[in-house]
1. So what is the orientation-averaged projected area of segment 148-275, using the convex hull of its C-alpha atoms, in nm²?
2. Explain nothing, just compute: Karplus ³J(HN,Hα) = 6.51 cos²θ - 1.76 cosθ + 1.60, θ = phi - 60°, for every residue of segment 149-154 in order, whole Hz, x for Gly and Pro.
3. How far apart, in nanometres, would the label points at H274 and S146 be if each is projected 7 angstrom from Cα along the Cα-to-Cβ direction?
4. If I model a spin label at N51 and Q173 as a point 7 Å from the Cα along the Cα→Cβ vector, what separation in nanometres do I get?
5. Cross-link candidates for K114: which aspartates and glutamates have Cα within less than 20 Å, leaving aside residues fewer than 8 places away along the same chain?
6. Identify the residues of segment 181-200 with backbone N under 14 Å of a label point that sits 7 angstrom from the Cα of S245 along the Cα-to-Cβ direction, or state none.
7. In percent, how large is the relative contact order of segment 136-284, given Cα pairs closer than 8 Å and 6 or more residues apart?
Amino acid sequence: MNRCAPWLTSALLLLGPIQPTLQAVDGMRLVDLEGRAEPATQTQTPAIFGNREQGLDLEIDAPVVQSGLLLASLFQVAGYAMPLARNIRLKEGITFPNGPPYRLHVSVKFPDVKRPAKILLTLSLSPKPGANVIDCRPLYFEVFPSSMTKELTDLLQPNPDGLAPAVVFGPGQKLRHFLTGLHVPFEDGGIDTPDRFDPNRLYFGELSTDEQFQQTQDHSAGARLALFSPEESLPDGVYAERSHSGTLIHVTSPLLDNLGDDPRAQLAFIKIIHLLAPVPPSSN
């Protein structure tokens, strides 16, 4: 099969920036999200799940108080900021013994949502109870429903005859670990390419070499197959070709690196599973 144009998976809530009435301390930034394989991006709003604690690693360049009480407030943003929770006491007796930049790890529980929502987090430092607070620069997050993971696992449940629909092969272990951690049954096809592909099952290959990718592609006729394999000649993305005889999807992005914690990665994986579904017969 020939590779086709990129399939774009992002369908996120787009909202204009909100200018909160805060006297913010410049120089505060999100460095990392706990549980992620890569540092937090500064070019895209970080995506997290609602109804769970999320660890945040922050860095503050500007001078702040040397010690005090750390408070957090959450707002849902939809053209205006709607308060969700105010003055959550995150840490008491917090200290900054050295000069900037200050490194700070906090854990915040974000609210559960029914659909993707933009949430604003503000952090405030109070030197002592009743004193004027110092507001740090606000942080924005895209919060996704916690039910998304269940939606994903439901798509891979065994058939009525008890046969697991998913077959995982290739030397990579990330997808195996993810499915095992969620107690999703699958058949382990080994590190090599299967000799044959059952058109009634879904195949996921986590490959490490161009040779195995080409070998699998050459024998993929009639298969419903997703191959996770980086390629220097292609930008990160999801490339798909469907026909009445089968589907081949080539994933060049590092989607599996954060599949357990990144809702955008899980959303992309859900769409991949839907793309692997049989093409409905034409009514003509």
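1. 7.5 nm²
2. Whole-Hz 3J(HN,Hα) from phi for segment 149-154: 5, 5, 4, 5, 5, 4.
3. In this crude spin-label approximation the distance works out to 2.4 nm.
4. Each label point is offset 7 Å from its Cα along the Cβ direction, giving 3.2 nm.
5. Straight-distance partners of K114: E53, E142, E151, D154, D261, D262.
6. Output list for this probe position: 197, 199.
7. Details: 230 pairs, mean separation 28.9, N = 149.
For segment 136-284, the relative contact order is 19 percent.
Values quoted throughout were computed directly from the atomic coordinates according to the rules given, and no laboratory measurement underlies them. For clarity, every value in this text was computed on a predicted model and none was experimentally measured. Ideal geometry is used to build each Cβ from the backbone, glycine not excepted, and the neighbour counts take in all protein chains shown.
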